[in-house]
1. Debye calculation, C-alpha points only, no solvent: report log10 I(q)/I(0) for segment 126-265 at q = 0.14, 0.15 Å⁻¹, in the same order as the q values.
2. Which of the pairs K295/K405; K89/K177; K20/K455 have their Cα atoms more than 30 Å apart in this structure?
3. Stokes-Einstein diffusion coefficient for segment 59-118 at 4 °C in a medium of 1.567 mPa s, Rh from the Kirkwood formula over Cα pairs: what value in µm²/s?
4. Quick check: pseudo-label points 7 Å beyond the Cα along Cα→Cβ at K300 and A155, how many nm apart are they?
5. What does the extension gain come out to for Y50 and A166, with contour length at 0.36 nm per residue minus their alpha carbon separation?
6. Could you pull out every whole DSSP H run in the chain that spans at least 24 Å of Cα extent along its own axis and averages 0.0 or higher on the Kyte-Doolittle scale?
7. Dividing the convex hull volume of the Cα atoms of segment 104-162 by its residue count, what figure in Å³ per residue is obtained?
8. Dividing the Cα convex hull volume of segment 253-318 by residue count, how many Å³ per residue is that?
Amino acid sequence: MTDLKTADSATQRAASLPTKETSSHIPVRPLYTPKDLAALDWNYDRDVAYPGEFPYTRGVQATMYRGRLWTMRQYAGMGDAEESNKRYKYLLSNGTTGLSVAFDLPTQIGLDSDNPLAVGEVGKVGVAIDSVEDMQRLFEGINLTAISTSMTINATASILLALYVAVARRQGTDIRKLSGTVQNDVLKEYIAQQAMRIITDLFAWTNENLPEWNTISISGYHMREAGSTAVQEVAFTLGNGIAYVEAAIRAGLDVDKFAPRLSFFFNAHSNFLEEVAKFRAARRMWAKIMRNQFKAKNPKSWMLRFHAQTAGSTLTAQQPENNIVRTAIQAMAAVLGGTQSLHTNSYDEALALPTEASARIALRTQQVIAFESGAPQTVDPLAGSYYVESLTSEIEKRAADYLEKIEAMGGMLKAIERGYVQQEIQNAAYEYQQAVDRQEAVVVGVNRFQAEGEKAVPIQRIDPALSARSAIPEPGKPRSKQSKTPPAREKI
C-alpha cells in the first residue's frame, strides 16, 4: 500500500534535506559545471593565477604548507600570570608553535584588578595583567625570540605591547627579533575617530623598532561571532582595513612600509565550502584594493595574511563532545582556505575556559590535519572546483556591493557612526536565530537529535579570590602574588 503524501510528510522530508542556500543566503545549485564558470566570465590567469602571485586567490606563498605549515597558535589565558604561564608551557610541550594571549575583561578595558568595577571579572575569561611584573611572570622561562606571540587586545593594545617589549628588554633580548601580532583593532568595537591616532602611531613605532611584528589584526572574527554572514564578515573586515590604511596615509606613513605588516583575523565557521571560498575571495579583494585603490607597489603590501579561529558561537553546551567534530570541520576549512595561523577551540568552551585535556584535544585536531589528513600536501587543492570558484566569485561580488554602499556613506567610519554596520549584523543574527527556532537551520543536539540524561563533563573554575588581590605594590615592595592553588575542576 502506498503511503499518502501529506503536507506534514513533505515538510518533514524537507527538514531532513540540506538547505538550498549558504549561510550568506547565496543560492546553491544541486550541480555545478563548466557553464557556471563561463557565465561568470571566469578566467584562470586573471581570477586565480598561481599561489604567491597576484591576486593571491590560491595563497600568499608559492609553496604554502609544502614550505611551512601554518602556525598552531592556541589562544589561552586564565586567572593570574603564573597559572597562564603553566598553560603556555603545557601547550608548548604538546607541540603548539605559537602563543596567543587571552586577557581578562578588566585588562582589556584598562582597569587594574583591584578596581571596584573589576569585581567578579578578574581572571575569568583571560589572564589579569596589571603591571610589567605580571607580564614578566606570564612569560617566565619562555624565550620570546624563539616563539611568536599574538595578543588579543584592542583599546589598551599600545600599553600591553609596551609591557611585552619591556619584559623582552629585561630578558636581554634584541627587540628587533621579536615576532608576533597585537590585535589593535578598535573599529570592530565600533569606536571610530578617537582611537585612530593611537593606532597609526603604533604602526609608525613598530615599523622602526619591531620590524617582524604585525601591527594590527583587522578582525572579522568578532563580527561573525555577533551574527554576521560570511559575506558581511569579508566586507566589513576589508572596510575596516581600508579605513586604517587611509588613516595611516593621512598621518604621513608610506603605504609600502606599513602595509606589509598588516594582518587579518577571520572566523572559520561551519559551512565548509563557503568558508574556503570566503578566504579565497578576501585575499583576491584585498590584493585589488591595495594595488588599484592605494597604488601600493610592493607585492607584500597586496597580500592578505590572516589568522583563523574556529567559531566559538557554534559550540554548544548540549552534547559538548559534538564540538570536537565542529571544530575539526572548521579547522579543515581554514587550512584549505590558506590560513597562516590557526586556533582550534576546545569542546568545553561553551561551559567554561578549557581544561588541559580539552585544550590538548583541540591542538591534536590541528596536528592530525597537518600530519595525517594529506590536506597540506598540495596548494589550494579545491581550486578549479566549479562550485568553489563560483562561490568565491559570488562572495567577492556581494562583498564588493557592501563596500560600494559604505563608500557612498563616506567610508567605514561614517557607516559605523550611523549604525549601519551594527544594524546589518543584528539583522543577520536575528534571521539566523529565527531559522534555528523554526528548525530551518539545524543545530545538532540543540534543536534536533537531542539526548536525554547527558553526563556532565569536567570544567575549569577560576578561583574567585583573585578579585581580592592587590594590583599595585607599595613602593619598593613586590606586589603580593595570587594563590598558587591550581583552579579546581568541577562538574556542571
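Only the coordinates and a few stated rules stand behind these numbers; no lab work does. Owing to the predicted nature of the structure, the values given are computational and were not obtained by experimental measurement. A quick note on method: Cβ atoms are made from the backbone with ideal geometry, for glycine too, and the neighbour counts reach across all protein chains shown.
1. -0.66, -0.75
2. Details: K295/K405 22 Å; K89/K177 21 Å; K20/K455 35 Å.
Those over the limit are K20/K455.
3. On the way: Rh = 13.8 Å.
In µm²/s, the coefficient rounds to 94.
4. The modelled label-to-label distance comes out at 3.4 nm.
5. On the way: separation 116, 0.36 × 116 = 41.76 nm, distance 4.19 nm.
This chain segment gains 37.6 nm when fully extended.
6. Numbers: long enough: 230-250 (30 Å, 0.76); 272-288 (25 Å, -0.38); 386-408 (33 Å, -0.58); 420-437 (26 Å, -0.95).
Helices meeting the span and hydropathy rule in the chain are 230-250.
7. On the way: hull volume 5.0 nm³, N = 59.
Each residue corresponds to 84 Å³ of Cα convex hull volume.
8. Numbers: hull volume 5.7 nm³, N = 66.
Cα-based convex hull of segment 253-318, divided per residue, equals 86 Å³.
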